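Coordinate-derived values only; no laboratory data. Since the structure is predicted, the reported quantities are computational estimates derived from the model, not experimental observations. Quick reminder, even Gly has a Cβ in these numbers, built from the backbone with ideal geometry, and neighbours come from all protein chains shown.
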Amino acid sequence: MYFKRQKIYVAYLPFGKKYIGRTNNFQRRFREHFSHKGSKITQKYKPRYIKIIGNCFNERNCKFKEHRITNKMIDKYGYDHVRGGGHTNSNSF
C-alpha cells in the first residue's frame, strides 16, 4: 500500500486560537482553509497564517504525531484555544 507523505501544520487563528491539522496536499489544504472551505474551525475563524511543523511517513505515525502535538498545545495554551487531532468540537471553540 502506498502512503503519500503528509505534513502536520498549525493554523494560527484570531484571538490566540490554533488549529492543528495534517494533509498530503498542503497547497490545496492551505487554499481551503483561507477560502472558508476547510475544517469547521477555519470556517468559523479565518487563519492569519499557517506554519508546517512536521512530516510523517505512514498513517499510524501521522495520527500519533498530530494527537501528540495537539495535546501538548492544549497543555500549553488551554483547551479553549486549541483544536485538532481528536479534539475537533467547533461548537465550544
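Only one residue of THR88, CYS56, TYR19 has its Cα farthest out toward the positive end of the dipole of the chain, where Lys and Arg carry +1 and Asp and Glu -1 on Cβ, and that residue is CYS56.
Near the amide H of GLY84, within less than 5 Å, lie the amide hydrogens of ILE20, all on another chain or at least 5 residues away, with H placed in the peptide plane. Expressed to the nearest 5 percent, the antiparallel share of DSSP beta bridges inside the chain is 80 percent. Within the chain, the ratio Rg/Rh, alpha carbon atoms throughout and Rh by Kirkwood, equals 0.95.
Across segment 72-85, computed HN-Hα scalar couplings (Karplus, 6.51 cos²θ - 1.76 cosθ + 1.60, θ = phi - 60°) run 5, 6, 4, 4, 7, 10, x, 4, 5, 10, 9, 9, x, x Hz from first to last residue, x flagging Gly and Pro. Once backbone amide H atoms are built at 1.01 Å from N, GLY54 has ILE8 as its partners under 5 Å, excluding neighbours fewer than 5 places away on the same chain.
Evaluating 6.51 cos²θ - 1.76 cosθ + 1.60 at θ = phi - 60° for every residue in segment 18-31, the Karplus couplings come out as 9, 10, 9, x, 9, 7, 9, 9, 5, 4, 5, 5, 4, 4 Hz, glycine and proline recorded as x. Within straight-line reach of LYS44, meaning a Cα separation under 22 Å, sit the following lysines at least 8 residues removed in sequence or on another chain: LYS17, LYS18. Charging the Cβ of each Asp and Glu at -1 and of each Lys and Arg at +1, and nothing else, the dipole of segment 6-84 about its Cα centre rounds to 140 debye. Measuring between their Cα centroids, segment 10-31 and segment 46-93 lie 9 Å from each other.
Helical runs (DSSP H, four residues minimum) scored at -39500 (n - 2.57) apiece and divided by the length of the chain put the mean residue ellipticity at 222 nm at -10500 deg cm²/dmol.
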